[in-house]
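Bear in mind that the values in this text are calculations on the coordinates, not laboratory data. Computed from a predicted model, the values in this text were never measured in an experiment. Cβ placement follows ideal geometry from the backbone for every residue including glycine, while neighbour counts extend to all protein chains displayed.
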Amino acid sequence: MHPPPGPVDRVDDPRERRAIVVELVIVGVLTFGFLGLDAVLRLIEHELTTGLSDATVALNPKQSSLQILDMIRQIMSVVRLVAIGALGAYLLWRSGIGTKRVGLGRPGWGDVPPAAILAAVIGLPGLALVALAQVMGWNANLVVAPTDDLWWRIPLLTVKSFANGFAEEVVVVGYFMTRLRQLGVGANGALASSALLRGSYHLYQGVGAGIGNVIMGLVYGRWYQATNRLWPLVIAHGLIDAVAFVGYAVLAETGWLGWV
């Protein structure tokens, strides 16, 4: 068992507080803050042009018509995701908040059972919400993965799933909530802010996706606050994405995609 986290010390020095705010703005622009703004603009664009229910969104589009360049660029996107998560962890470590303190100590097999539970708690109702949102016209038509049979597509989608989980959970939960607490934001305020940020950058998929990810953020954020462990969130997020990405690709390859 891992002890729950002690409260992060509030920073009262005006210079240090300004530095944290500046850092949050820079990280937000480079990562999920600007993605949230872009997602809102894309949602508005869908509504004003084709209509959301008639729009098509590719979650993992091909990066080139040339297979070798496509593969290289897909690998680059995985490296970038890992670097985003590493940036959040590094900035906290550089300011004296060690990785263990924010829940990124050495991972172990004990992280797997809670990860599986968290994945099931979010993933199974999430499938139902996606289906409902599609029927109600709250989501765009999602093309989750390319429907080719390239030998490297499924392994790379699997790796990308966990890279997504690492980037999002480290930055949006570990980094963002820690910095907010340092600025004096309460536990509930930090939780709500993190969940809203998570929901915002999924709005390009539709309102249903945004709502679903806000709920995911509330559940995962509260679990993090209670346990101070990030690895189960990273693993759970990776499992959810892997099932969605790889499952879609397998269904396409076997010809069972007509009902999706």
From DSSP H assignment alone, runs of 4+ in the chain each adding -39500 (n - 2.57), the sum over residues rounded to the nearest 500 puts [θ] at 222 nm at -22000 deg cm²/dmol
Rg (one decimal) and Dmax (whole number) from the Cα set of the range 51-109, in Å, equal 17.8, 49
What's the exposure ranking of Tyr204, Tyr175, going from fewest to most Cβ atoms within 10 Å? Tyr204, Tyr175
About the Cα centre, charge dipole magnitude for the range 14-254 (Lys/Arg +1, Asp/Glu -1 at Cβ), debye: 1120 debye
Could you sort 57-64, 239-246, 106-113 so that the peptide with the highest average Cβ count within 10 Å comes first and the rest follow in order? 239-246, 57-64, 106-113
Quick one: which of 183-193, 156-166 comes out on top by average Cβ neighbours within 10 Å, and what's the full order, highest first? 156-166, 183-193
Backbone HN-Hα couplings from phi across the range 152-168 [Karplus 6.51/-1.76/1.60, Hz, Gly and Pro as x]: 8, 5, 5, x, 6, 4, 5, 4, 5, 4, 6, 5, 4, x, 5, 4, 5
Charge context of Val21, other residues only, Cβ under 15 angstrom, K/R +1, D/E -1: +2
Just to confirm a number: summing +1 for Lys and Arg and -1 for Asp and Glu over residues other than Lys62 whose beta-carbon lies under 14 angstrom from that of Lys62, what do you get? 0
Ranking of His202, His237 by count of other Cβ atoms within 10 Å, fewest first: His202, His237
Long-range amide H partners of Gly206 with built H, under 5 Å: Ala140
Mean-position separation - Cα centroids, the range 14-93 and the range 181-198, in angstrom: 20 Å
Taking amide H positions as placed 1.01 Å from N in the peptide plane, with prolines and chain starts having none, which residues 5 or more places from Val143, or on another chain, fall under 5 Å of its amide H? Val57, Ala58, Leu59
Neighbour-count ranking for Met76, Met71 (other C-beta within 10 angstrom, fewest to most) reads Met76, Met71
